[in-house]
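Okay, structure first, notes after.
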Amino acid sequence: MSLPRASGILLHPTSLPGRYGSGDLGSEAYRFADLLSDMQQQLWQVLPLGPTGYGNSPYQCLSVFAGNPLLISPEKLLEDGLLEGSDLDDAPSFPDNSVDYDAVIRFKLPLLKKSFNRFVAESGSAQQEELDAFCRQNARWLDDYSLFMALKEHRGLSAWNTWEEDIRARRPEALEHWHEQLAHQIRYHKYQQFQFYRQWCELKDYCNRLGIRIIGDMPIFVALDSAEVWSRPDLFRLDDHGNPTVVAGVPPDYFSETGQLWGNPIYRWDRMAHHGYAWWVERFRALHTLVDIVRVDHFRGFESYWEVPATDSTALNGRWVPGPGARLFHAVQQALGDLPVIAEDLGVITPEVDALRDELGLPGMRVLQFAFGGDAKADEYKPHSYPRNCVVYTGTHDNNTTVGWFRDVGAEDTTQTAEEKTRERETALKYLGSDGREINWDFIRLALMSVADTAIIPMQDVMGLGSEARMNLPGTAHGNWRWRFTLDMPTDGARARLGELTVIYGRAGDRLL
């Protein structure tokens, strides 16, 4: 599968501007879609959209099917008559350039509960039936998720594997009891998802009408404390108490000398295969209702994944274990047809991983920040080596911004020495024929002019921001996922410049400046 020649912007919705502390699906999201169109972009890439838990990471969600309630727009609830203007008048003074998640949660969740109570008390039969229809259509995941969240709140947000044995083990009598006891709260969590899906699908439809397709992100692994692991423990390698026996990670890499210990439970691939990978089919089906193209994160794990004993404190003592390979993707294709998928094939990539990606015909990824090191692998990331069927990024959510990468050679954010970083930057300048004064635009031009079918630019690079705008530092648990911007930050000159380059290098489709 190859994608038509195009380019786009990487920006998670939490980074959008807005009055309520975190980006959401309200008017600023529509203004951003208009901005993408003005800049001749045809793609908007987002991170996973699920409800985040401890650490606020979109890669450690409480569910891989549900949407993040914090993205629900209070503004749109007001338009729908589910909030009053006075409910929003006393919004705190949130920072413009970062997300204070604790403050956002304290403000937004009571608003959602207030809107739900009003929906229950005042909505007509047509609105109630709309919610009921949504619940029926999504019952495969929504019933378990809503009960899981109601139980979690009832127990002070504690992890499911610390609950009483009867409900931890999902004994029928316990499930029946808690469905009755927590019926109102269960309905509330179904309402949250109804509003998220409704608002998101309206935004997606608006983007599609502008000629913009959305690239969504599918992490290979799921969080231990999630509705999916609680509801289907048989599909994961857990002990009798719900604790993982082995967990996921990666060996020592560019970001860490001891590897990255993610802590996600490992799948029982044999059982998934026995069921025809039905769980994965449903996962792809659900995500493709929300996005147009799926980026599969850590694609190499489908060929072989790094398995670490759950008792270890680093990822050093892991081992490579064969994954499901092409069989999983063939099962998805047989059930759902050909779906547009991007393979995130970064990290320790072997010929076997390349062969799997090529067998499936999936575009892989190339990251310009990896192109100028002294190792042989760097040559694969230089544009003169690209195949057409790939996606080039100036950087990803795990990288520094391009300006930060270029300037902060002393930062201890990778396993490179300062000397190695300096040589890398010198190589980049020679390759680019540049003095580095506009390194972000040098990288953007290089990405757009490459033969890669798809080019994705983080929004921070369009604005020339430094390390202060970094989204995530792998291997750290705090202070990530917080960056935000305001719509006046990309200057008129930057907007016009990106649009002009996009047209020059044939990525604007039939659009004209």
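Computed from the coordinates by the stated procedures, all read-outs in this text should not be read as laboratory data. Keep in mind it's a predicted model, so treat the numbers as computed, not measured. All Cβ positions, even for glycine, are placed from backbone atoms using ideal geometry, and neighbour counts span all protein chains on display.
Please compute, over every Cα-Cα pair in region 124-219, the percentage with a separation greater than 23 angstrom.
Values: 1824 of 4560 pairs.
Cα-Cα pairs in region 124-219 separated by more than 23 Å: 40 percent.
Using unit Cβ charges (K, R positive; D, E negative) and no other charged atoms, how large, in debye to the nearest 20, is the dipole of the chain about its Cα centre?
640
Pop out the ³J(HN,Hα) list for region 278-294 in order, Karplus 6.51 cos²θ - 1.76 cosθ + 1.60 with θ = phi - 60°, rounded to Hz; leave Gly and Pro as x.
4, 4, 6, 4, 5, 5, 5, 4, 5, 5, 6, 7, 9, 9, 9, 9, 10
If you place +1 on the Cβ of every Lys and Arg and -1 on the Cβ of every Asp and Glu, how big does the dipole about the Cα centre of region 28-89 come out, in debye to the nearest 20?
Using only the charged Cβ atoms, the result is roughly 440 debye.
Once you order the gyration tensor axes a ≥ b ≥ c over the Cα atoms, which shape class does region 15-83 get: rounded for a/c under 1.5, otherwise prolate or oblate by comparing a/b with b/c?
Values: a/c = 2.16, a/b = 1.17, b/c = 1.85.
Oblate, since a/c reaches 1.5 and b/c is not below a/b.
Which of the GluC sites (Glu not before Pro) found in region 391-466 are in a DSSP loop and have at most 10 neighbouring Cβ atoms, other than their own, within 10 Å?
Loop-located and lightly packed - E412.
Quick check on the exposure proxy: order C201, C61 from fewest to most C-beta atoms within 10 angstrom.
Least to most surrounded, the residues fall as C201, C61.
How long is the chain along each principal axis, judged by its Cα atoms, biggest number first, in Å?
Answer, in whole Å and largest first: 68, 52, 43 Å.
Listing Y254, Y191 from the residue with the fewest other Cβ atoms within 10 Å to the one with the most, what is the order?
By the 10 Å Cβ count, ascending, the order reads Y254, Y191.
Using the Kirkwood radius built from alpha carbon pairs, what does the Stokes-Einstein equation give as D for region 337-451 at 4 °C and 1.567 mPa s, in µm² per second?
Result for D is 86 µm²/s.
Taking Rh as the Kirkwood radius, which is the inverse of the mean 1/r over Cα pairs, what is the Rg/Rh value for region 287-368?
Rg/Rh: 1.02.
Over region 238-326, how many percent of alpha carbon pairs lie in each 5 Å bin up to the one with the longest distance?
Answer for region 238-326: a P(r) of 3, 13, 19, 21, 19, 14, 9, 3 percent.
For helix 183-209, what angle does its Cα long axis make with the longest principal axis of the chain, in degrees from 0 to 90 and rounded to 10?
Around 30 degrees separate the two axes.
Based on the alpha carbons, how large is the Rg to Rh ratio for region 191-300 when Rh follows Kirkwood?
My calculation puts Rg/Rh at 1.04.
Using DSSP, restrict attention to beta bridges with both residues in the chain and report what percent are antiparallel, rounded to the nearest 5.
40
Note down the magnitude of the dipole of region 100-179 about its Cα centre, charges +1 on Lys and Arg C-beta and -1 on Asp and Glu C-beta and zero elsewhere, to the nearest 20 debye.
240
What number comes out for the charge environment of W405, summing +1 per Lys or Arg and -1 per Asp or Glu over other residues with Cβ under 11 Å away?
0
Helix 125-137 versus the longest principal axis of the chain: what is the Cα-based angle in degrees, 0 to 90, to the nearest 10?
Between helix and principal axis, roughly 70 degrees.
Taking region 266-319, which GluC sites (Glu not before Pro) meet the DSSP loop condition and have no more than 12 other C-beta atoms within 10 Å?
Working: sites: E282, E303, E307; in loops: E303.
Answer by residue number: there is no such site.
For region 1-155, what value does the Rg/Rh ratio take when both radii are computed over Cα atoms and Rh is the Kirkwood radius, given to two decimals?
Expressed as Rg/Rh, it is 0.98.
How high is the relative contact order of region 96-247, in percent, counting Cα pairs under 8 Å that sit 6 or more residues apart? Walk me through the numbers on the way to the answer.
On the way: 77 pairs, mean separation 38.5, N = 152.
Here the relative contact order equals 25 percent.
Helix 139-154 sits at what angle to the longest principal axis of the chain, using alpha carbons and giving 0 to 90 degrees rounded to 10?
Computed tilt is about 80 degrees.
With a cut-off of at most 16 other beta carbons within 10 Å, and DSSP calling the residue loop, which trypsin sites (Lys or Arg not before Pro) in region 1-36 qualify? Please list them.
On the way: sites: R5, R19, R31; in loops: R5, R19.
Qualifying residues, ordered by number: R19.
What order do you get for 94-102, 327-335 when each peptide is scored by the mean count of other beta carbon atoms within 10 Å, highest first?
Put in order of decreasing packing, that is 327-335, 94-102.
As a test of understanding, state the convex hull volume per residue of region 417-513 from its alpha carbons, in Å³.
147
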